[in-house]
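What follows is a single structure, written as structure tokens, with notes after it.
The values are calculated or read from the model by the stated rules, or taken from the named source; none is laboratory data. These numbers were taken from a predicted model, which means no experiment stands behind them. Quick reminder, even Gly has a Cβ in these numbers, built from the backbone with ideal geometry, and neighbours come from all protein chains shown. We work out accessible area using only protein heavy atoms, side chains counted, and drop any ligands, DNA or RNA first. Shrake-Rupley method; radii C 1.70, N 1.55, O 1.52, S 1.80 Å.
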Amino acid sequence: MSALQPLVRRGSAKIIKDDTVCNHVVAEATKVAATYQSHNIDNKLVVALGQVPVTATTCTESKLSSLSSCDTKGSGKLLECCLRDILKVIQPLGGDFTARYTIINDLRTVVGSIDSLKGATVEPFGSFVSNLYTKWGDLDISIEVPCDSLVSSTDKTNKQNFLREIRNVLRRRGLVHDLRLLLHARVPVLIFESNLHNISCDISISNLLCQMKSRFFFWITEIDERFRDMVLLIKEWAKSQQINDPKNGTLNSHSLCLLVIFHFQTCEPPILPPLREIYEGNVADNLTGTRAIAERAIQDTCTANIQRFKTNSFRNVNRSSLSELVVSFFRKYSNLNMLASEYAICTYTGQWEHRSNSTKWTNDYPLFIEDPFEHADNTARTVSMSELSRICEVFDEAYQGLVSSNHDRTSLICSLVRHPISTKVISPHSNPGLLSGASTRHPPLSGLFRGGTARYRPLSDAPPPFRNQFNHMQTESDEATIIAIRRELAQLMLKANTRNKPRSVR
């Protein structure tokens, strides 16, 4: 979509008021609008859908080849445009970041008022830190209990007691609602929603390993920007299909991220390397001793290896479009249950691993997705056998739907997102700023770690109070978009002037 199109509505040109544009340029802009509309009459597809390159893993087993072969067809310009429009709606803006930072600051005040937590730091992790969150994403926060300068090793009983104290203070201050304390969960957690922003928050104690996992994902987003786009799209799609709910036997968000990584590793050519080429070893085992030293050692190793991978001039570059990757993703996992009983998904090695190769890949689970940071852990341990079958069914339905020629823009969007979001994507003019190139760059995170400080946007940018987040979407202007629009207008003016020049008589 050109930079000018968001400003052109129903065949008429609406130009930024600060720009003085000649009449013939406005006429040209109107033609652009008319042309754009003519290619979207009744939301029908005009351009024929293209072919998607074949991708495959190196596994020799025929079943593995069948599952990994991604000879997808039908992912063309319509799907690409739909995916881009969806991203513009679900990606967070500056106000979404500020809202979460406000919650973190409020919680720091609460923790600072508790005597038993004096010196504790409030540190976010999860999708917010990895920059893989949407406007409606949860906020995960770890309360790091001081242990001199060493990595904290708080036992479960103390974690439960700390969470009780935090709950009591939050309840007294009336800052949150829907407080729930899950003391006997694998990781004790306090869950609530903020009153001001209606953002769901999960509070845990001394969760440094999850912080490192989040940073690792953030570093991966620096390798290829398509990774972040894919994760946001797949997470939203999974929610729309109700398969992103570990409490009910489906996939958690961590598993979905690993599925995207594995897909990028097994494309041809690969987009991402095996994760052992980024960090060789078990992160969980190496987070010991002095915290600052342990964290720095892991970060320095990952940074150097990522840089080495990105600058490898002998590496074949995968140039698949986002739509091609989405279609091949669904194709790859549509028959996942065929292999789940025999093979584990291993992003550490970047390939399917036979369960018999390791005692840690137990057959007690219908699906095993190895945690590359904690090798003995199965991130898909909550997936039940019945839900695994349903997960594969919705993967296959998504694939068949995307390669079908019997759909239009509306049906495509509705098949990929939840209903409240689909209405925003299908009717962008109800909120014109949504498609005007608003910034989605992630602000600096350095100040969020260990209670540090950083420059942030004024708190006035934060969203107003609301209960239904889908009905209040924040937008912000982007100077880059204005520059692009002006550049396009200048090109139109040059084109118009060229047309008006009298032809020389030969």
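Quick rundown of the values:
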{"read-out": "HIS184 paired with ARG172, simple spin-label distance in nm, labels 7 Å along Cα-to-beta-carbon", "value": "2.9 nm"}
{"read-out": "Euclidean distance between Cα centres, region 205-264 to region 322-346, Å", "value": "15 Å"}
{"read-out": "Of the trypsin sites (Lys or Arg not before Pro) in region 252-354, those whose Cβ has at most 15 other Cβ within 10 Å and which sit in DSSP loop", "value": "ARG315, ARG319"}
{"read-out": "Entries in LYS213/LYS235; LYS235/LYS310; LYS135/LYS247; LYS156/LYS247; LYS135/LYS235; LYS77/LYS332 that, when Cα-Cα distance is taken, lie over 24 Å", "value": "LYS235/LYS310"}
{"read-out": "Formal net charge of residues neighbouring ARG390 (Cβ-Cβ distance under 11 Å; K, R +1; D, E -1)", "value": "-4"}
{"read-out": "Theoretical FRET efficiency, 1/(1+(r/R0)^6), r = Cβ-Cβ of SER116 and GLU280, R0 45 Å, to 0.05", "value": "0.70"}
{"read-out": "Within-10-Å neighbourhood charge of GLU370 [Cβ basis; K, R +1; D, E -1]", "value": "-3"}
{"read-out": "Around ILE298: net Lys/Arg minus Asp/Glu count, Cβ-Cβ under 15 Å", "value": "-1"}
{"read-out": "Pairwise FRET efficiency - ASP377 versus ARG296, Cβ, R0 = 25 Å, nearest 0.05", "value": "0.55"}
{"read-out": "Set of region 211-245 residues, backbone N closer than 16 Å to the point 7 Å along the Cα-Cβ line of ARG390", "value": "238-245"}
{"read-out": "Accessible area per residue in Å² at 1.4 Å probe, computed on region 256-330", "value": "43 Å²"}
{"read-out": "Separation in nanometres of the label points that stand 7 Å from Cα toward Cβ, at LYS247 and ASN195", "value": "2.3 nm"}
